[in-house]
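Below is one structure; the comments refer to it alone.
Read the figures in this text as sums done on the coordinates, not as results from a lab. Just so it is clear, the model here is predicted, and its values are computed rather than measured. No Cβ is skipped: glycine too gets one built from the backbone with ideal geometry, and neighbour counts run over all protein chains shown.
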Amino acid sequence: MLIHALEQQLRSLHPVFLYTVPTHQNPSGATLPQGRRRRLVELSRENRFLIVADEVYHLLSYGEQAPPPLAAFIREGTILSLGSFSKILAPGLRLGWVQGSPRLLRPLAECGLLDSGGGLNPFVSALVLSAIQTGMLDAHLQQLRGEYGRRLQAMSEAIRDSLGGMVEFSQPGGGFFFWLRLTDGRDSATLLNAARKHRTSFVPGSAFSAEGGLRDRLRLSFSYHGPEELKAGVQRLAASLS
Ligand SMILES: Cc1ncc(COP(=O)(O)O)c(C=O)c1O
């Protein structure tokens, strides 16, 4: 996020809340530096808007540590930080968490659904609590960071080897995604059928734009497949693009 652009927008807009993925963003992989995080929090106080920080990739850094999460600023009273066990345990659990100041969390904690239902998803919540308390989740996270780091590296090398010259990208420091720009400016959505014929796929950039932009971009994910399959997938993509 470009803070100076946000400041400019705030001269005419008065948002109730701002949604952001500050660490290893989906799809760009970008991480907001610490100085900009501080300024964003200051702006939320000065302009009285809430920051909804979707921090689901925060625990998934594979090299250098990311700056502290926006959850570290919850005392400022303008932040709701969201986390999810989908990315660090299993998506099928449908369980996450929210961090915020007591004032912001009270209406959630006291809402009738939670109060009379005994919480959201109580059985799965109890299982996940055990995974946290026994240290299983920490050990699992450590293993995940190692494995995802190897997958990231494998995809990065495959892109350089097979797609060099055809795409530009910044190496992500974590998360699940590579965000590529086609150097010849082609619309990636028009290449999807060819990619599928080569038994590979991607998400076209336009899927991430509310205005039909980002057409020369495409998102690749390295979370599901092992290094060898990733390499084969990128080679097939290269064959479909040329
Ligand atoms: C930024 C972001 N937030 C939330 C989610 C979804 O999380 P959940 O599975 O907990 O609904 C995703 C999944 O792709 C994501 O990329």
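What do you get for chymotrypsin sites (Phe, Trp or Tyr not before Pro) in the range 143-242 restricted to DSSP loop and a cutoff of at most 15 other Cβ within 10 Å of the site's Cβ?
On the way: sites: Tyr148, Phe169, Phe176, Phe177, Phe178, Trp179, Phe202, Phe208, Phe222, Tyr224; in loops: Phe169, Phe176, Phe202, Phe222, Tyr224.
Within the range 143-242, the qualifying chymotrypsin sites (Phe, Trp or Tyr not before Pro) (loop, at most 15 other Cβ atoms within 10 Å) are Tyr224.
So for the chain, averaging the separation of alpha carbon pairs under 8 Å that are six or more residues apart and normalising by length, what relative contact order in percent results?
Result for the chain is 18 percent.
May I ask you to evaluate 6.51 cos²θ - 1.76 cosθ + 1.60, the Karplus curve with θ = phi - 60°, for each residue of the range 202-210 and list the ³J(HN,Hα) values in order in whole Hz, giving x for glycine and proline?
Each residue of the range 202-210 in turn: 7, 9, x, x, 4, 5, 9, 10, 6 Hz.
Among Arg11, Arg45, what is the fewest-to-most ranking by other Cβ atoms within 10 Å?
Arg11, Arg45
Over the range 116-242, what portion of Cα pair distances is larger than 18 Å, expressed as a whole percent?
Here the tail beyond 18 Å accounts for 60 percent of pairs.
Would you kindly state how much longer the chain becomes between Asp184 and Leu108 on full extension, computed as 0.36 nm times their sequence separation minus their alpha carbon distance, in nm to one decimal?
22.5 nm
Mind listing the phi-derived Karplus ³J(HN,Hα) values for the range 69-76, rounded to whole Hz, using 6.51, -1.76 and 1.60 with θ = phi - 60°, and x for any glycine or proline?
So the J values, rounded to whole Hz, are x, 5, 4, 5, 9, 4, 4, 5.
What is the Cα coordinate range of the chain on the first, second and third principal axes, sorted by size from largest, in whole angstrom?
56, 49, 32
Could you state the number of Å between the C-alpha centres of the range 190-229 and the range 30-87?
With the range 30-87 and the range 190-229 each reduced to a Cα centre, they are spaced 27 Å.
If you filter the range 203-242 for GluC sites (Glu not before Pro), then keep DSSP loop positions with at most 16 other Cβ within 10 Å, what is left?
Glu211
Amide H to amide H under 5 Å from Val167: which residues, 5+ apart in sequence or cross-chain, H placed 1.01 Å off N in plane?
Thr183
Over the residues of the range 67-160, compute the C-alpha Rg and express it relative to 2.2 N^0.38 Å.
1.37
In which sequence would Lys197, Lys87, Lys231 go, from the one with the fewest C-beta neighbours within 10 Å to the one with the most? Write out the running numbers ahead of the final one.
Numbers: Lys197 11, Lys87 21, Lys231 18.
Least to most surrounded, the residues fall as Lys197, Lys231, Lys87.
Rounded to the nearest 500, what is the chain's calculated 222 nm mean residue ellipticity when only DSSP H runs of at least 4 contribute -39500 (n - 2.57) each, over all residues?
Calculated from helices alone, the mean residue ellipticity at 222 nm is -12500 deg cm²/dmol.
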